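Participant: First the structure, then my questions, so here it is.
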Amino acid sequence: MHELGLLAEIVDKIEAVAKENNVTEIEKLVLDVGEYSGVVPEYVETSYPAVIGGTMLENTKLQMNIIKGVAFCHSCKKKFDIKGNEQRCPYCGSQECEVVEGGEFIIKEIVAR
Ligand SMILES: [Zn+2]
């Protein structure tokens, strides 16, 4: 379960940014979690209380925005939903595709109290 390590990194980052900006209390943390980021939202949710315990983020709420997977086809230059088209482009059948959305696991917003 690598979610624990990823979350710990995020909490470190937020504490550093908060200090720089003289933010002492945080209300809510918003994360963007891509469907193809390899991160399981349920694990993030269950790891969260353990990771924030004893940090500045203790007692904060966690909100996750699930980002749909979108790929770009290099052959026909079209974008398509990855769901149902995992291996190839639905327009031209090419496998020269790249995930352009849905691979992220990032801090979207930090809401100060
Ligand atoms: Zn294509």
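The values are calculated or read from the model by the stated rules, or taken from the named source; none is laboratory data. The structure displayed is predicted, hence computed values, not measured ones. Virtual Cβ from ideal backbone geometry, glycine too; neighbours counted across all protein chains shown.
Participant: Being modelled with pLDDT under 95 and touching a Gly at 6+ places or on another chain (Cβ under 7 Å), is that true of even one residue in the range 86-102?
Facilitator: Yes; the residues of the range 86-102 include at least one that is modelled with pLDDT under 95 and touching a Gly at 6+ places or on another chain (Cβ under 7 Å).
Participant: When you go through E15, E58, E9 one by one, which is the residue that is free of Cβ contacts under 8 Å to residues at least 24 places away in the same chain, surrounded by fewer than 18 Cβ atoms within 10 Å (Cβ to Cβ), within 20 Å of A112 (Cβ to Cβ) and out of contact with any Gly (no Cβ under 6 Å at 6 or more places or on another chain)?
Facilitator: On the way: E15 fails: free of Cβ contacts under 8 Å to residues at least 24 places away in the same chain; E9 fails: within 20 Å of A112 (Cβ to Cβ).
Answer to the check: E58.
Participant: Now for a separate question. Report the residue count in the range 38-94 for those that are among the acidic types (D, E) and more than 16 Å from the ligand (Cβ to nearest atom). If you could, list the steps in order and put the result at the bottom.
Facilitator: Pass one, the range 38-94, residues among the acidic types (D, E): 42, 45, 58, 81, 86.
In the following step, the residues that additionally are more than 16 Å from the ligand (Cβ to nearest atom) were identified as 42, 45, 58.
Qualifying residue count for the region: 3.
Participant: Same structure, new question: I want to confirm something. Restricting to the range 12-43 and keeping residues that are small (G, A, S) and under 12 Å from the mean Cα position of the chain (by Cα), which single residue is nearest to G102 (Cα to Cα)?
Facilitator: Looking only at the range 12-43, we keep the residues that are small (G, A, S), and these are 16, 18, 34, 37-38.
Imposing the further condition that a residue be under 12 Å from the mean Cα position of the chain (by Cα) reduces the set to 34, 37-38.
Numbers: G34: 4, S37: 6, G38: 10 Å.
The qualifying residue nearest to G102 (Cα to Cα) is G34.
Participant: If I filter the range 95-104 down to residues being surrounded by 12 or more Cβ atoms within 10 Å (Cβ to Cβ) and under 30 Å from L7 (Cα atoms), which single residue comes out as farthest from the ligand (Cβ to nearest atom)?
Facilitator: The initial filter retains those residues of the range 95-104 that are surrounded by 12 or more Cβ atoms within 10 Å (Cβ to Cβ), namely 96-97, 99-104.
Next, from what is left, pick out any that are under 30 Å from L7 (Cα atoms): 97, 99-104.
Working: C97: 7, V99: 14, V100: 13, E101: 16, G102: 18, G103: 19, E104: 23 Å.
Per the stated criteria, the residue is E104.
Participant: Out of the range 74-93, which residues are small (G, A, S) and surrounded by 14 or more Cβ atoms within 10 Å (Cβ to Cβ)?
Facilitator: In the first step, residues of the range 74-93 are kept if they are small (G, A, S); the result is 75, 84, 93.
Hit for the range 74-93 is S75, nothing else.
Participant: Sort through T46, T55 and tell me the only one that's more than 18 Å from the chain's Cα centre (by Cα), closer than 30 Å to T24 by Cβ and among the β-branched types (V, I, T). Before the answer, list the steps.
Facilitator: On the way: T46 fails: more than 18 Å from the chain's Cα centre (by Cα).
Of the residues listed, the single one that is more than 18 Å from the chain's Cα centre (by Cα), closer than 30 Å to T24 by Cβ and among the β-branched types (V, I, T) is T55.
Participant: Select from the range 29-46 the residues that are farther than 22 Å from E86 by Cα and surrounded by fewer than 19 Cβ atoms within 10 Å (Cβ to Cβ) and list them in ascending order.
Facilitator: First, pick out the residues of the range 29-46 that are farther than 22 Å from E86 by Cα: 29-31, 42-46.
Hits for the range 29-46 are V30, E42, Y43, E45, T46.
Participant: Please identify the pairs in which a residue from the range 72-101 that is over 24 Å from V33 (Cα atoms) has its Cβ atom under 9 Å from the Cβ atom of a residue that is more than 10 Å from the ligand (Cβ to nearest atom) and assigned to a loop (DSSP other than H, G, I, E, B), counting only partners at least 6 apart or on another chain.
Facilitator: P90/G84; Q95/Q87
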